[in-house]
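Note sheet for the following structure.
The values are calculated or read from the model by the stated rules, or taken from the named source; none is laboratory data. All values reported here derive from a predicted model rather than from experimental measurement. Cβ sites come from the backbone with ideal geometry, for glycine too, and all protein chains shown count toward neighbours.
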Amino acid sequence: MLSTNLWDSSTVVRSSSTAKTATSKQNIRAGLERGLKAELTDHLGYEQGRLIPNSRNGSYPKTVSTMAGDIDLQIPRDRAGTFVLTLVPQGSRRTGGLDGMVISLYAGGMTVWDIAYHLETTVGTQLSHDTISPISREGTYAN
């Protein structure tokens, strides 16, 4: 009697790569949203929970394209409308790979302060250590 193979290897490979892509998307989304919240905290000058004239004002949805595919983000905003996005620039539908660069530099042994200096001198982007730190932490948990 012949036994039938219930597992088609191509199906296993496809579902495995789909799971990896889904996990990658979740990690990228979590890292970007954490970084965006850190950017807003840096912009406002205080942690969440205080009410002052310019405070947090919820978020709005935005879909961005990454190397892992399209990701739906919740972009935080402030009441005065003065918050300028750095990680996912206003009007941009594609990430510039800045988060990947931060994770790569951190994995290469650079400190958060070194990364901030490097990004400012090479790319011309000013990110505070408070913004870079959550992104680099997300990169260490993704592995």
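For segment 57-75, the count of residues that are in contact with a Leu (Cβ under 9 Å, 6 or more places away or on another chain), surrounded by fewer than 10 Cβ atoms within 10 Å (Cβ to Cβ) and over 28 Å from TYR117 (Cβ atoms) is nonzero. Residues of segment 97-131 that are within 11 Å of the chain's Cα centre (by Cα) and part of a loop (DSSP other than H, G, I, E, B): GLY97 alone.
Per-residue answers, yes or no, for (1) on the phi > 0 side of the Ramachandran plot; (2) in contact with a helix residue (DSSP H, G or I) (Cβ under 6 Å, 6 or more places away or on another chain); (3) modelled with pLDDT under 75:
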{"residue": "SER16", "(1), (2), (3)": "no, no, yes"}
{"residue": "LYS20", "(1), (2), (3)": "no, no, yes"}
{"residue": "GLY31", "(1), (2), (3)": "no, yes, no"}
{"residue": "HIS43", "(1), (2), (3)": "no, no, no"}
{"residue": "LEU51", "(1), (2), (3)": "no, no, yes"}
{"residue": "ASN54", "(1), (2), (3)": "no, no, no"}
{"residue": "ASN57", "(1), (2), (3)": "no, no, no"}
{"residue": "THR66", "(1), (2), (3)": "no, yes, yes"}
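When segment 50-67 is filtered for residues that are part of a loop (DSSP other than H, G, I, E, B) and under 20 Å from ILE135 (Cβ atoms), only MET67 remains.
Pairing residues of segment 29-49 that are over 11 Å from SER128 (Cα atoms) with residues that are of a type in the set (Lys, Arg) and modelled with pLDDT under 85, at Cβ distances under 9 Å and at least 6 apart in sequence or on separate chains, gives GLY31/ARG137; ARG34/ARG137; LEU44/ARG50. Can you pull out every residue in segment 70-112 that is touching a helix residue (DSSP H, G or I) at 6+ places or on another chain (Cβ under 6 Å) and over 14 Å from LYS37 (Cβ atoms)? Matches in segment 70-112: ILE71, VAL102, ILE103, LEU105, TYR106, VAL112.
Looking across segment 89-124 at every residue that is closer than 24 Å to ASP72 by Cβ and crowded, with 16+ Cβ neighbours inside 10 Å, the one that is modelled with the lowest pLDDT is identified as THR95.
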